[in-house]
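To start, the structure under review is shown below, and the notes come after it.
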Amino acid sequence: MKRRLDLRLAAIIISITTGILIMFTAISILTNHYHIAMYQQQTAEGHGIDQLNYHLEQAQMQSIILTCILSIALASVTGIYVARRISAPLVQMKQAAERMTRGDLATRIHVDGEDELAGLGGSLNELALQLQKQEQLRRSMTQDIAHELRTPLTTLKSHTRALEDGIWEPTAERFRTCLHEIDRLIDLVTELEDLHDMESPEFQLSLARQDMSKLMERAVLLVKPMYLEKQVELKYTSGPPMPAMVDADRIHQVLVNMLSNALRHTPMGGRVRAELIAENQHVLVRIEDNGHGINPDDLPFIFERFYRGDKSRNRNSGGSGMGLAIVKRLVTAHGGQVWAESRGANHGSCFSIRLPIERTGTVPIQA
């Protein structure tokens, strides 16, 4: 059970106050009893009222002085103990935060207990872990960008040098190769710009009530020639209208990216099945393939930009690594969810997108 820090501090303050009152009461009783006993003894010896006044005064003075001294000692010891118990983890957290700012993201905080301080220490540890992951992704992204740019630029340089030195004849085929590499660079820059625009605060969707069945048919029609070229079967059966408040162009981009991703990871002779399912207030898009599947260790990261489970794949065989990142950003902007499931090696995978049907406002369905 979690213990609240404010309740513990209140209990300490109440305990100190109670201790002082008990101590004052005990000292008063003892000193008064002692002096009254002495007065009774002196009265038997013939002393009068003056001695009684003297003993009462001494009893009060002694009880007040002893109570003051012992109260200061009790408050000092307890205060130092509590201050150290509270400040020690805070100092440790401050030092850990300073190490994080210097780049030591592997630092962790050890805080005992189950109160708010322990929770704060756990939150800082989780923050350090997430920062460490983001730093690793940032470095990987920088390396991937450099690799993606270097490959076509190196090809263009070698082709141009060979043409300049007269080693190659300037044939149409070689110019097409150079144009292909230039297109790769343009596509990469365009994808980076798209992702940057989607993550900016100014990014907005043009929402309208659209028929998801027609959007799926449009995407299937666009990618069908690529499937035929690779001899992969694409199965989609058109169903009844499924209206939803979406940005038609952006959802078309999502569907094309998902179908292209399924084709990329499905071998020749394989099959891909796409379907739309009505789920209460949502539309579920499912795209299944019988390709090589996804490694379970890669599932949490496949929607990160530039992430590739198989590091040996290049852009031609593995894509730019940004298609799924764009998909996730667009689906999230629509208030939906996207996830992937793997059926194991060589048993394929399934990507699912859940989009809400209703949004604020009503707009007629556009054809």
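The values are calculated or read from the model by the stated rules, or taken from the named source; none is laboratory data. Computed from a prediction, not measured in an experiment: that's the story for all the values here. Backbone-built Cβ (ideal geometry, glycine too); neighbour counts: all protein chains shown. Heavy atoms of the whole protein, side chains included, go into the accessibility calculation; ligands, DNA and RNA do not. Shrake-Rupley method; radii C 1.70, N 1.55, O 1.52, S 1.80 Å.
Some points to look at:
- Restricting attention to region 98-115, the residues that are surrounded by 15 or more Cβ atoms within 10 Å (Cβ to Cβ) and of a type in the set (Gly, Ala, Ser) add up to 1.
- Options Ala208, Ala162: the member that is surrounded by 12 or more Cβ atoms within 10 Å (Cβ to Cβ), within 30 Å of His334 (Cα to Cα) and not polar (S, T, N, Q): Ala208
- Considering Ser312, Ser317, the condition of being of a type in the set (S, T, N, Q), part of a loop (DSSP other than H, G, I, E, B), open to solvent by 30 Å² or more (accessible area, probe 1.4 Å) and at pLDDT below 85 is satisfied by Ser312 alone.
- When restricted to residues that are farther than 18 Å from Leu7 by Cα, surrounded by 12 or more Cβ atoms within 10 Å (Cβ to Cβ) and at pLDDT 75 or above, region 68-88 contains 5.
- A count restricted to region 224-241 and to residues that are modelled with pLDDT under 90 and among the hydrophobic types (A, V, I, L, M, F, W, C) stands at 1.
- Search result, residues across region 120-132 that are out of contact with any helix residue (DSSP H, G or I) (no Cβ under 9 Å at 6 or more places or on another chain) and surrounded by 12 or more Cβ atoms within 10 Å (Cβ to Cβ): Gly122, Ser123, Leu129, Gln132
- A single member of Thr266, Thr360 is over 23 Å from Leu188 (Cβ atoms), at pLDDT 85 or above, hydroxyl-bearing (Ser, Thr, Tyr) and assigned to a loop (DSSP other than H, G, I, E, B), and it is Thr266.
- Ala278 vs. criteria assigned to a strand (DSSP E or B) and free of Cβ contacts under 8 Å to residues at least 40 places away in the same chain: yes
- Top-ranked residue of region 192-220 - restricted to ones that are small (Gly, Ala, Ser) and assigned to a helix (DSSP H, G or I), ranked as nearest to Gly269 (Cα to Cα): Ala219
- Residues of region 221-239 that are open to solvent by less than 80 Å² (accessible area, probe 1.4 Å) and assigned to a strand (DSSP E or B): Leu234, Tyr236.
- The condition (being open to solvent by 80 Å² or more (accessible area, probe 1.4 Å) and in a strand (DSSP E or B)) is satisfied by just one residue among Arg273, Arg286: Arg273.
- Matching residues, region 12-43, being under 13 Å from Gln62 (Cβ atoms) and at pLDDT 75 or above: Phe24, Ala26, Ile27, Ser28, Ile29, Leu30, Thr31
- Which numbered condition Val91 misses (of (1) open to solvent by 60 Å² or more (accessible area, probe 1.4 Å); (2) without any contact (Cβ under 8 Å) to a residue 12 or more places away in the chain; (3) within 22 Å of the chain's Cα centre (by Cα)): (3)
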